[in-house]
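A short reminder: the numbers here are calculations on the coordinates, not readings from a lab. If you're wondering where the values come from, they're calculated on a predicted model, not measured in any experiment. Quick reminder, even Gly has a Cβ in these numbers, built from the backbone with ideal geometry, and neighbours come from all protein chains shown.
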């Protein structure tokens, strides 16, 4: 079969982008090939805003056909956090038919080699990028992210993370040459001579278990890392956030077929309500890689039980900010207010615990007592979200009922420094939009610990009064070690405190942002430059993205022959 | 404290060697900095043969002092497979004192950075290399390897594997720069600016669980990979093969101290008889990395239970040779005879099952029936080992009573094609030296499978009559998939058969040697060029050495600051 897209055409289109990505992961400077501004699209550069919206609306209420083998039924029923029913139904797999079809797709994909695989992955990403406006609506109406965030984090930023994974995968596979002439001197005798060849071989089928809040951003790294290293990928989305990954699977299958590969290299496994499909798939012998983002309980279960697979997990954590002192009090408050508000605190990187000495902190605006700092932060959040339009644009909607329950229960945990309020949405009257709550806790009170040493995922943060900055760093250490952390923040003008916090982060393996007062927030990381998580504390067993994230997704088979 | 050995001095001495190693792992051509010929040593280049022997003899009957904290007692009692009692006693650890001392050594070692750590590791390897003659006797009298093999595999070849691991570790840690300026354009507004720094941080204490047969060759990769990535290493040798690793620990501690680091970065944990020290150490929270070579049962136990650690295991496997046809019948027979005889088949890479079509094979010497092939192979082994001196030089001694038991039980498994015989050793009358047994099995008989589908570690191989070459490749596939394999060999003149066997190895992830008839044997691999295992079948979960072997031994901590 002649492919519509030849390897040469793909190399012509994408090799330069791959090379830039390879350079970016080495320099770790700012770089992205995918414009993040919604206005950059349309007019020849991908779907326009209107076309993207129309494309999204066209799938609503329909069967999302993928022409996969082993479709025994249709399932679905996503309801947008903005209140609308998507009413899309997706193929439900007969796993015993689907997995063999995926395995059968391996040899040609494996034999194509690392470069062709990378090029096909980049073509997939390029087409996903062109559909960013369609993805934005899909992400918005499954995660509750506000439109701009759904566009950026669910679109170009997720695509960046996917490309980053492709670059790592390509580099890892090409560290070893395709072959070598091995000639060992033997003194006066003839040397020993062998011709060796090396082939990167996939492990088997990779299972991507998607999450509710960031289906593409958290899903693309594993998906593309596995695919680029030769593994078919079975995508099992979160039942509340199927559409963004279904769109992804559709694009991937289309590109694979055009490039002459079996589209079953990427398949969707949508699940019926309460079916527990992830659990049964995870222990199938054909599944040799699993990428998962979600609860600690299921992540731990996967690590313990899916022993036939390489398991990459991102689980719960308790993110902490140490507030010791600052030379930009207003900047600190506004930066923190934004970090707490963005997507209603529903990011795995949102700060939860703000550790503040009970005697207060020194600032450029004078010494501020604990209560004053907490009140000023509450006021900053209130100011930021005082206008409903702005609040809606920043907060998005509450992703699911569990988050709402936690938000509603939070006031009982301590003293409420900032109550949550309901925000009306102009376009979607049934949208569930809430401002974050800040609860003040005293670390000296024994019952406070149960609150601040658990992840309370959602728009809930705890201002925690501690005895001193030293007490704060000790609590930071304990929190990372016992509960894990995706992010740590700190504000200080003291070089000693800065060193102490850095030392804790280095020893407990957590990513640290210091004295952020401007337009960069502790909960945001950029592909190519920043690592998301470390893989060294309980919040995640891998980082996005590094060598360890890709190196064990394939193995190298050597064949030796005498020359 | 001023170090006797500065980083600058170490770079001057070793940087060029590291660079050559970095190049070798990319080209995978032949390279080694450590001469493998025993005569290359002495006369200014390391210990002479006589001095090495004297150094070995000087430790016999003594306490092997290491000046480690937390030594509560002395233990030991190695008996050489050549019959002599070593009577060395080693420090027995009080783990609750030793582990904290090792943890305390981390910060300075971590802060020294990847290059300095690599240089210190190379200095350790250089001093071990200089003591190769001493190590040779230690390896010989713990493993039973004959002197030349003990010298080469236990000395320079093990050192090569250690250096290879250092090179991989260095490369992996330096893929990310120490820092970067991150500048993100913001249209008309000022760009966002951050200064990011990246630090490779160790996971914690690494535990090396040594094996009986290749304490240095199988031990050095994990030891040096962990140390070079910043982790202290606790060395728990096999109770029958302590001395080679105790010598290693002594050299490492000496170099670390001279270079200004805490010698407790490398400690020995010798165990009392039946203490099960590996098991209790493996689940300590301080232990974050484990390298293990040994039985499948304990390897599986480690993988299931040492969940707080990255676990690298090499376990049992069933190595297979497919014999389809050859254009060099004599070369094939002599190559296989050597492969089966070397170190009495006590290599994890020694072929066990020789699959031969019952209708025989085509060769340059005409068609040979199954029985003829088996008889000719038996004759080749007999010829190779007919002379006792040569037999002793090739076979070495039986490493432990369990191997002897298996050898003695083997004849009951099938029809004996070549019986084992006892070889007298001229120097060591109590040495346990046996030639290998070849047992013929018919795959058509139901009871044969139990024999050929289990690892029978030691000088036992099975000639297995199969229906056809296609039957052989099917059995090869099943054997690798179910039992694992460190090596696969095949002899064929048919391109189709060659492709079929390659396909099996690529699909089941096993290393393949084709048509070896000269001076390279299927059971030998060379560092820098060859991978030992694939990490993709049940025989081992990692390969020596690749990116995956080192990438998860450290994590990268990023600190971001506004510029």
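Contact order normalised by length for region B:123-255, with contacts defined as Cα pairs under 8 Å and 6 or more residues apart; what percent is it?
This gives 29 percent for region B:123-255.
Give the share of C-alpha pairs in each 10 angstrom bin for region A:320-514, from 0 to the last occupied bin, in whole percents, shortest bins first.
Result, from short to long distances: 9, 38, 37, 13, 2, 0 percent.
Could you work out the mean projected area of the convex hull around the alpha carbons of chain A, in square nanometres to one decimal?
28.7
Roughly how tilted is helix B:106-130, in degrees to the nearest 10 and between 0 and 90, from the longest Cα axis of chain B?
Long axis of B:106-130 versus the principal axis of chain B: about 40 degrees.
Enter the mean number of other protein chain beta carbons within 10 Å of the beta carbon of each residue in A:541-552, as an integer.
Across A:541-552, the average partner-chain Cβ count within 10 Å equals 5.
Go ahead and run the numbers for FRET between residue B:27 and residue B:442, Cβ-Cβ distance against an R0 of 41 Å, rounding to 0.05.
Result of the calculation: an efficiency of 0.35.
Restricting to the protein assembly as shown, what percent of DSSP beta bridges are antiparallel, rounded to 5?
Rounded to the nearest five, the antiparallel share is 40 percent.
Take region A:74-212, compute every pairwise Cα distance, and split them into 5 Å bins from 0; I just need the percent in each bin.
Distribution as computed: 2, 8, 11, 14, 14, 14, 12, 8, 5, 3, 3, 2, 2, 1, 1, 0, 0 percent.
Provide the FRET efficiency to the nearest 0.05 for the residue B:494-residue A:478 pair, computing r from the beta carbons and using R0 = 60 Å.
Taking R0 as 60 Å, the efficiency between residue B:494 and residue A:478 is 0.40.
Only bridges whose two residues both fall in region A:320-514 count here: according to DSSP, what percent of them are antiparallel, nearest 5?
Taking every DSSP beta bridge with both residues in region A:320-514, the antiparallel ones total about 20 percent.
Please check which bits of region B:413-438 a label hung off residue B:365 would reach, taking the label as a point 7 Å along Cα-to-C-beta and the cut-off as backbone N under 19 Å.
B:417-419, B:438
Residue by residue through A:507-513, how many Cβ atoms from other chains fall within 10 Å of the Cβ on average?
6
Between residue B:15 and residue A:188, what FRET efficiency comes out of the Förster formula 1/(1 + (r/R0)^6) with R0 = 22 Å and r the beta carbon distance, rounded to 0.05?
With R0 = 22 Å, the Cβ-Cβ based efficiency is 0.10.
Suppose each label sits 7 Å from its Cα in the direction of the beta carbon; what would the residue B:258-residue B:301 distance come out to in nanometres?
4.0
Looking only at chain B, where both bridge partners belong to it, what percent of the DSSP beta bridges are antiparallel (to the nearest 5)?
Percent antiparallel among DSSP bridges in chain B is about 45.
When A:290, A:11, A:361 are ordered from fewest to most other Cβ atoms inside 10 Å of their Cβ, what list results?
By the 10 Å Cβ count, ascending, the order reads A:11, A:361, A:290.
Helix A:7-27 against the longest principal axis of chain A: what's the angle in degrees, Cα atoms only, rounded to the nearest 10?
Relative to chain A, helix A:7-27 is tipped by roughly 40 degrees.
Once you have the Kirkwood Rh of the protein assembly as shown from its Cα pairs, apply Stokes-Einstein at 25 °C and 0.890 mPa s and quote D in µm²/s.
79
Taking the Cα centre of each part, how many Å lie between region B:209-284 and region B:124-174?
Taking the Cα centre of region B:124-174 as reference, the centre of region B:209-284 is 14 Å away.
Taking the beta-carbon count within 10 Å as an exposure proxy, list A:483, A:279 from fewest neighbours to most.
A:279, A:483
Let me have the 222 nm mean residue ellipticity of chain A computed from DSSP H runs of 4+ only, each contributing -39500 (n - 2.57), with the sum over all residues rounded to the nearest 500.
Calculated at 222 nm, the ellipticity per residue is -12500 deg cm²/dmol.
Where in region A:545-563 does the amide nitrogen come within less than 13 Å of the point 7 Å from the Cα of residue A:181, taken along Cα to Cβ?
A:563
How tilted is helix A:370-384 with respect to the longest principal axis of chain A? Cα atoms for both, answer in degrees (0 to 90, nearest 10).
60
May I have the convex hull volume per residue, in Å³, for the Cα set of region A:276-424?
Taking the convex hull of the Cα positions in region A:276-424, it is 147 Å³ per residue.
What is region B:320-514's relative contact order, in percent, from Cα pairs under 8 angstrom and six or more apart in sequence?
Over region B:320-514, the number comes to 29 percent.
Starting at 0 and stepping by 10 Å, how many percent of the alpha carbon pairs of region A:505-545 end up in each bin?
Taking every Cα pair in region A:505-545, the percentages come to 27, 54, 19, 0.
Hey, got the average number of other protein chain Cβ atoms within 10 angstrom for residues in A:21-28?
If you average over the peptide's residues, the count of other-chain Cβ atoms is 3.
How would B:312, A:261 line up from fewest to most surrounding beta-carbon atoms within 10 angstrom?
A:261, B:312
For region A:60-105, evaluate the Debye formula with one uniform point scatterer on each Cα (no solvent term) and list log10 I(q)/I(0) at q = 0.14, 0.17, 0.19, 0.34 Å⁻¹, rounded to two decimals.
Per q value, in the given order, log10 I(q)/I(0) is -0.42, -0.55, -0.63, -1.14.
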